[in-house]
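Trainee: Before I ask anything, let me first share the structure, which is written out below as structure tokens.
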Amino acid sequence: MSRYRVVRGLLIGLAILAGLVMATSLSVLAYGGWRLRAASARFEREVGPLNLLGFARPRIPDERNAVTWLRPGVLAMVLFGSDRSLVGTLASKTSSEWTPKDVTDFEPLAERNEPGRQILERARGLTESNWNIPYENGNAAKLPDLLAAMNAGKLVAAHGRLAMRRGDRATALTDAETLGALARSHQRESATIVLLIGAALERIQLGLVKELVTDPGIGPAELDRLDAALSDVDLGRAFQVALRGESAALVHDIVESDSFSKEMPRVVPRSLVIGLSKLAVAAALESRYPIVPSLVAPITSPITDPAEGYNSRSWWQRIAEGYNPNLRSTFARGTGTMSARQLARLAIVLRRDALASGSYPAAFTTPVDPLTGAPYALEPKAGGIELRSTTTPEILQSIYPIGPALNAQLYAWSLPPSGSRSSTRSR
């Protein structure tokens, strides 16, 4: 009789516990849904719509779509093992720094990938692009082969650097135009990782552009082509759109696809998992819209590592932060790339004016550097002009932890002595 009472008591206790768990789960589900609806509504008011279908790009006829050539060109590139490291190094190495061994090592690579480079080259005259990313699928959307695109871009840049070493400015100019088409096509998409690749490709292009612009023999027509080859994408706005797209994908995955709860063990009440997921996404959205205006502001101090202090945070903060990308670092790369691009445009303007008039202007007001919020530094030197951003190596290192050799090229320029148009000929 006593055993029956014990079992009966345990069953009643379990039933009460199960009821409490169920009630708690339903409460968390209801509260999570309310928080997410409120956070989504405010996000849409202050940042923009969270409708994934709004990110679908307009279809472009194949004959006008740069991706018609970029996709097969990228996939046609073949790099083995250490090839990737070699190409990455040479893409960021000025032609004057190349050694005979660099040339010997790169030549067979260039010959093997010449068919792919020529396919990519067909895209340089096309101004429209669409990689046909199915944004409506949220984070499950299939993206282009981004690693292959980076490898292809580095190979084209290295090819251009070698051309400059050999005095073949025409080939290097074509490679710079090809890189421009490849970079722009990625920058016009609304996925953050694709945009980051586009910004990285543009910085690789700008390194080659600098070699061309500072070549004493360059002519006005070539400068015009380089100016046209530079990206016209406002990366600050592009990253804001990508942030909105990423937020929309996050809401889609949690609310519509229910992807998170499907991965959890079945012993955990599904309603509890969904409720906590909605709360975490709501917290992520709530942390995003207040800081969006500051993300496009000048960067006056090094970007801090978001992992600092991670272990001291609560379990809930860790869950919520798992839904949040490192926004400051992401936007900083866009700001830094825009700074390098604007510096290149300034250098082209000055070189063009010097070729036309025979001298650099005695007085010139430089535009404001988006990276620093201050004008670029400009000073005459040895018949030429020194141009640079007033940012610091520490800030650049925090924005781009990898690639100091390229960064040193992009933010400080030395323009050669001026020459009249009649005395300057293309080689």
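The values are calculated or read from the model by the stated rules, or taken from the named source; none is laboratory data. Computed from a predicted structure; not experimentally measured. FYI the Cβ positions are ideal-geometry reconstructions off the backbone, even for glycines, and counts take in every protein chain you see.
Trainee: Has region 248-260 got at least one residue that is surrounded by fewer than 18 Cβ atoms within 10 Å (Cβ to Cβ), among the acidic types (Asp, Glu), modelled with pLDDT of 90 or more and outside any helix (DSSP H, G or I)?
Mentor: No, because not a single residue in region 248-260 is surrounded by fewer than 18 Cβ atoms within 10 Å (Cβ to Cβ), among the acidic types (Asp, Glu), modelled with pLDDT of 90 or more and outside any helix (DSSP H, G or I).
Trainee: To continue, here is another question. Going residue by residue through region 163-174, is there one that turns out to be among the aliphatic types (A, V, I, L, M), touching a helix residue (DSSP H, G or I) at 6+ places or on another chain (Cβ under 6 Å), under 14 Å from residue 340 (Cβ atoms) and at pLDDT 95 or above?
Mentor: No, region 163-174 contains no residue that is among the aliphatic types (A, V, I, L, M), touching a helix residue (DSSP H, G or I) at 6+ places or on another chain (Cβ under 6 Å), under 14 Å from residue 340 (Cβ atoms) and at pLDDT 95 or above.
Trainee: Which of the following residues is free of Cβ contacts under 8 Å to residues at least 24 places away in the same chain, in contact with a strand residue (DSSP E or B) (Cβ under 8 Å, 6 or more places away or on another chain) and not polar (S, T, N, Q): 347, 377, 362? Let's see the steps before the verdict.
Mentor: Working: 347 fails: free of Cβ contacts under 8 Å to residues at least 24 places away in the same chain; 362 fails: in contact with a strand residue (DSSP E or B) (Cβ under 8 Å, 6 or more places away or on another chain).
Answer to the check: 377.
Trainee: Could you list, in sequence order, all residues of region 210-240 that are of a type outside the set (Gly, Ala, Ser), over 23 Å from residue 66 (Cα atoms) and assigned to a helix (DSSP H, G or I)?
Mentor: At the first step, the residues of region 210-240 found to be of a type outside the set (Gly, Ala, Ser) are 210-216, 218, 220, 222-227, 230, 232-235, 237, 239-240.
Next, from what is left, pick out any that are over 23 Å from residue 66 (Cα atoms): 210-216, 218, 220, 240.
Result: 210, 211, 212, 213, 220, 240.
Trainee: A further question follows. Looking only at region 52-75, filter to residues that are modelled with pLDDT of 95 or more and among the basic types (Lys, Arg); which one of those is nearest to residue 114 (Cα to Cα)? Quick ask: steps written out before the conclusion?
Mentor: Looking only at region 52-75, we keep the residues that are modelled with pLDDT of 95 or more, and these are 60-75.
So of that shortlist, the ones also among the basic types (Lys, Arg) come out as 64, 71.
Working: 64: 23, 71: 15 Å.
The selected residue is 71.
Trainee: Sticking with this structure for a sec: For region 343-387, which residues satisfy the criterion of being among the hydroxyl-bearing types (Ser, Thr, Tyr), farther than 11 Å from residue 413 by Cβ and not in a helix (DSSP H, G or I)? Let's see the steps before the verdict.
Mentor: At the first step, the residues of region 343-387 found to be among the hydroxyl-bearing types (Ser, Thr, Tyr) are 357, 359-360, 365-366, 372, 376.
Now restrict to residues that are farther than 11 Å from residue 413 by Cβ: 357, 359-360, 365-366, 372.
The answer is 359, 360, 365, 366, 372.
Trainee: State all residues of region 107-130 that are in contact with a helix residue (DSSP H, G or I) (Cβ under 7 Å, 6 or more places away or on another chain), in a helix (DSSP H, G or I) and under 14 Å from residue 171 (Cβ atoms); if no residue qualifies, say none.
Mentor: Taking region 107-130 as the starting set, the residues that turn out to be in contact with a helix residue (DSSP H, G or I) (Cβ under 7 Å, 6 or more places away or on another chain) are 109-110, 113, 115-117, 119-124, 126, 129-130.
Among the residues that remain, those that are also in a helix (DSSP H, G or I) are: 109-110, 115-117, 119-121.
110, 117, 120, 121 - these are the residues of region 107-130 that are in contact with a helix residue (DSSP H, G or I) (Cβ under 7 Å, 6 or more places away or on another chain), in a helix (DSSP H, G or I) and under 14 Å from residue 171 (Cβ atoms).
Trainee: If you don't mind, another one. Regarding region 96-106, can at least one residue be identified that is in contact with a Lys or Arg (Cβ under 7 Å, 6 or more places away or on another chain), in a loop (DSSP other than H, G, I, E, B), in contact (Cβ under 8 Å) with a residue 12 or more places away in the chain and within 30 Å of residue 53 (Cα to Cα)?
Mentor: No; the residues of region 96-106 include none that is in contact with a Lys or Arg (Cβ under 7 Å, 6 or more places away or on another chain), in a loop (DSSP other than H, G, I, E, B), in contact (Cβ under 8 Å) with a residue 12 or more places away in the chain and within 30 Å of residue 53 (Cα to Cα).
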